[in-house]
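Provided herewith is a single structure, encoded as structure tokens, for subsequent inquiry.
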Amino acid sequence: QLQVVQSGGGLVQAGGSLRLSCAASGFRFDDYNIGWFRQAPGKEREGVSCLTGYNGDPRYADSVLDRFTITRDNAKNIVYLQMNNLKPEDTSIYYCAAAKAHNYACTLHGLLYTTWGQGTQVTVSS
């Protein structure tokens, strides 16, 4: 019943921008924490950003701070990840995930996220 469907991604030149979307089905983001993760071939999964459901407060990994912005459209039940000033090291498969919230702040660790999107490729050329 609970699903998240991703869209966006693609190929861009270094310094360019992309926006990823995560659409919820079967639940509202107000009741769940939403996280964005990425995993490149041969590397461990990295938490990129997350949004706390009950108050909308964002968190960011140091590697993307001041470049990425996570936002939420409550009417459409969609969470976005705006990625600016992209770098080749941002190249990865990006995943959106949801975790049931009980008034706790979101985390960039993936353990508590139970519903995962299908992933989308982001490639940044130099």
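If you project the alpha carbons of region 26-126 onto the principal axes, what extent comes out on each, in Å, largest first?
Taking the Cα atoms of region 26-126, the three principal extents are 40, 24, 23 Å.
Build a GNM of the chain with springs between Cα atoms under 10 Å: which of D62, D31, D90 gets the top mean-square fluctuation?
Between D62, D31, D90, it is D62 that shows the largest mean-square fluctuation.
Whole number in Å², please: accessible area per residue of the chain, 1.4 Å probe, ligands, DNA and RNA not counted.
On a per-residue basis, 52 Å².
Which residue, S49, A24, L111, has the largest displacement toward the positive end of the dipole of the chain when charges sit on each Cβ (Lys, Arg +1; Asp, Glu -1)?
A24
Hey, what's the Cα Rg ratio for region 77-126 versus the globular rule of thumb, 2.2 N^0.38 Å? Numbers along the way, then the final one.
Details: Rg = 13.3 Å, N = 50, 2.2 N^0.38 = 9.7 Å.
Normalised Cα radius of gyration, region 77-126: 1.37.
A further question on this structure: Round to a whole number: what % of the accessible area of region 3-64 belongs to carbon and sulfur, probe 1.4 Å? Walk me through the numbers before you get to the answer.
Working: 1280 of 3070 Å².
Whole-percent figure for carbon plus sulfur exposure: 42.
Next up: Percent relative contact order of the chain, based on C-alpha pairs within less than 8 angstrom and at least six residues apart?
Working: 326 pairs, mean separation 45.0, N = 126.
Worked out over the chain, it gives 36 percent.
Hey, what do the phi angles of region 65-73 turn into as Karplus ³J(HN,Hα) couplings, whole Hz, using 6.51/-1.76/1.60 and θ = phi - 60°, x for Gly and Pro?
Result, rounded to whole Hz: 4, 6, 10, 9, 9, 9, 9, 9, 9.
Add +1 for every Lys or Arg and -1 for every Asp or Glu among the other residues with Cβ under 15 Å from the Cβ of E46, and state the total. Let's see the in-between values first.
Values: positive: R38, K43, R45, R59, R67, K87; negative: E44, D62, E89, D90.
The answer is +2.
Less than 29 Å apart at the alpha-carbon level, and either on another chain or at least 8 residues along: which lysines does that give for K100?
K43, K76
In percent, how large is the relative contact order of region 4-59, given Cα pairs closer than 8 Å and 6 or more residues apart? Write out the running numbers ahead of the final one.
Numbers: 68 pairs, mean separation 14.0, N = 56.
Normalised by residue count, the contact order of region 4-59 is 25 percent.
For K87, which aspartates and glutamates qualify as cross-link partners when the Cα separation must be under 18 Å and same-chain residues fewer than eight apart are set aside?
Qualifying aspartates and glutamates at Cα under 18 Å: E46, D62, D66.
Using the Cα centre of the chain as origin and beta-carbon charges of +1 (Lys, Arg) and -1 (Asp, Glu), tell me which of V4, Y80, A40 is placed farthest towards the positive end of the dipole.
Farthest along the dipole direction, towards plus: V4.
Here is a follow-up. Antiparallel DSSP bridges in the chain: what percent, to the nearest 5? Please report the intermediate quantities before stating the final value.
On the way: 38 of 42 bridges.
Taking every DSSP beta bridge with both residues in the chain, the antiparallel ones total about 90 percent.
Under a Cβ-Cβ cut-off of 12 Å, what is the net charge of the residues other than Y80 that fall near it, where Lys and Arg count +1 and Asp and Glu count -1?
Details: positive: R19, R72, K76; negative: D73.
That works out to +2.
Now, a different point. As a test question: what accessible area, to the nearest 10 Å², does L11 have when a 1.4 Å probe is rolled over all protein chains in place?
Counting only protein heavy atoms, the figure is 120 Å².
What size of dipole, in debye to the nearest 20, comes out for region 1-103 about its Cα centre when the only charges are +1 on Lys and Arg C-beta atoms and -1 on Asp and Glu C-beta atoms? Intermediate values should be presented prior to the final figure.
On the way: 11 positive and 10 negative charges, 38 e Å.
Dipole size: approximately 180 debye.
The values are calculated or read from the model by the stated rules, or taken from the named source; none is laboratory data. This one's a predicted model, so the numbers in the text were calculated from it and none came from an experiment. Positions of Cβ are generated from backbone atoms using ideal geometry, with glycine treated the same way; all protein chains shown enter the neighbour counts. The accessibility values were calculated without ligands, DNA or RNA, using every heavy atom of the protein model including side chains. Shrake-Rupley method; radii C 1.70, N 1.55, O 1.52, S 1.80 Å.
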